[in-house]
């Protein structure tokens, strides 16, 4: 039923007994909170599966969605320029996205040089279409950074599997000379049980030096007026981010539901830097 009008989404899911949900993972999280606020018992919904795509998401986000919505969450992959949804999909094993090789030929290339990389190496995903008519594409650069697994899947399928997308080459932030992807920050946030999977990265440049702040929501049951508890939690997050990113951002803990939600693709980064 397209995006938006969340109350209507919930009403129709409830009244029509919907068993499947397809949207961006960030909107699915928004729906999960809205379902809780609706006061309708979860047992009255018949949701069983979710197909989520259109933006990078982590295994931690998958666990959050499966727990909050009580569903099995599957990754789907598509590109507007290629076909839309339908380029790839996860199976019941949830161990990589099967690409439809009978229609699309995938390659991994070095994003800087365009040279093909060996199997298993991480680089930019490129597609050539095999059966597409009207607008066939030859070595279309997706900007998505991932790797390909050619080993047969436990489900029995032999099609190549795409590993989880790390981010986009054009989404990569270079902060103080270090490459940073929002998905790296998300993976840390989803590891820490006191935090909601909602965050915002603020990047700026002050006196010719990059500043980097991570805003993240604390779950209601852990948000406290006791300064020592919040200071300890903030230090824990900063230490973990430092170990993953190799740079140390400022961390700002905010109250639950204060970071703006999106009904489409989530806006995770605000980069105010000017290099003029």
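Data table
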item	result
Positions within region 102-135 being loosely packed, with under 12 Cβ neighbours inside 10 Å and over 24 Å from the mean Cα position of the chain (by Cα), in sequence order	102, 113, 115, 118, 131, 133, 134, 135
Residues located in region 39-58, provided they are exposed (fewer than 15 other Cβ atoms within 10 Å of the Cβ) and closer than 23 Å to residue 260 by Cα	39
Selection status of residue 183, surrounded by 15 or more Cβ atoms within 10 Å (Cβ to Cβ), closer than 19 Å to residue 75 by Cβ and in the same structural domain as residue 207 (by TED's automatic domain parsing)	yes
Filter pass, residue 178 being surrounded by 16 or more Cβ atoms within 10 Å (Cβ to Cβ), touching a residue at least 12 places away in the same chain (Cβ under 8 Å) and not assigned by TED's automatic domain parsing to the domain that holds residue 63	no
Lone qualifier among 51, 34, 28 - being within 24 Å of residue 196 (Cβ to Cβ), in the same structural domain as residue 154 (by TED's automatic domain parsing) and assigned to a strand (DSSP E or B)	51
Residue in region 76-83 that is free of Cβ contacts under 8 Å to residues at least 12 places away in the same chain and either under 25 Å from residue 61 (Cβ atoms) or in the same structural domain as residue 20 (by TED's automatic domain parsing) (or both) present	yes
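The values are calculated or read from the model by the stated rules, or taken from the named source; none is laboratory data. Note that this is a predicted model, so its numbers are computed, not measured. Every residue, glycine as well, gets a Cβ built from its backbone with ideal geometry; the counts of neighbours run over all protein chains shown.
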